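What follows is calculated from the coordinates using simple rules that are stated; it is not laboratory data. Everything numeric in this text was worked out from a predicted model, so none of it was measured. A quick note on method: Cβ atoms are made from the backbone with ideal geometry, for glycine too, and the neighbour counts reach across all protein chains shown.
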Amino acid sequence: MDMLVKEIMRSPVVTVDRDASVRKAAQVMNEAEVGSVIVCTDNKGIGIVTERDILKFIAKGGDAKKTKVSEIVSKPLIVVSPETDLEEAVKFMIAKKIKKLPVVDQGRLVGIFTLTDVARIEPLLMKALKSLIAQGLARKFEKYIKPSYIA
C-alpha cells in the first residue's frame, strides 16, 4: 500500500516572481484558491509565502502594496522528490514543522504536496486498509484502527 508523493501532489504550482508585491501574491493566492505561492526568480523556486506569512506581515503594519514578496519569503525552499514515499514525506513535514512541500524533479518545480492533500486521500486509504484487513492481509494494522472503521 506504499504511495508516492507524485500520486497525490497538485500541479501546476501557483507561483509569483520575487519582485511581485505582497498584495499581488495575496491576489494570486485568492484567485487560485490556494494557501501559498512559490516565489521564483529566473523560473527557479527560491522560497514560499503562505497566508500566515502575509497575515503576520499585515498585523505588524506592513504595506502590502509597496513591499516585495521577496522581503517576507520563507527560504530556503524545502522540497521533496515526486518519488518520495508518502509516509516519509509526512514524517519530514512534521519534523520540519511545515504544512506545504514543493515537489521538484531534476531541478524543475513539478507540484506541491500539502497536509490538506493527505486529509483529502485519507478516506481512500481507510477504504483500502479496510479491504486488506477483511482479506486477512493487514492484521497488524487492526490495533491502530477503531473497530467502527473496520466494520
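Numbers for the structure displayed
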read-out: Rounded to 5, percent antiparallel among DSSP beta bridges of the range 1-82; value: 75
read-out: Two-site label geometry, Asp17 and Met3: point separation in nm, points 7 Å out along Cα→Cβ; value: 3.8
read-out: 20 Å Cα-Cα reach of Lys96 towards aspartates and glutamates, excluding residues that sit fewer than 8 places from it in its own chain; value: Glu51, Asp53, Glu83, Asp85, Glu87, Glu88, Asp117
read-out: Cα-based Rg and Dmax for the range 1-128, where Dmax is the largest Cα-Cα distance (Å); value: 15.2, 50
read-out: Exceeding the 28 Å Cα-Cα cut-off - candidates Lys44/Lys99; Lys6/Lys60; Lys60/Lys91; Lys68/Lys91; value: Lys6/Lys60; Lys60/Lys91; Lys68/Lys91
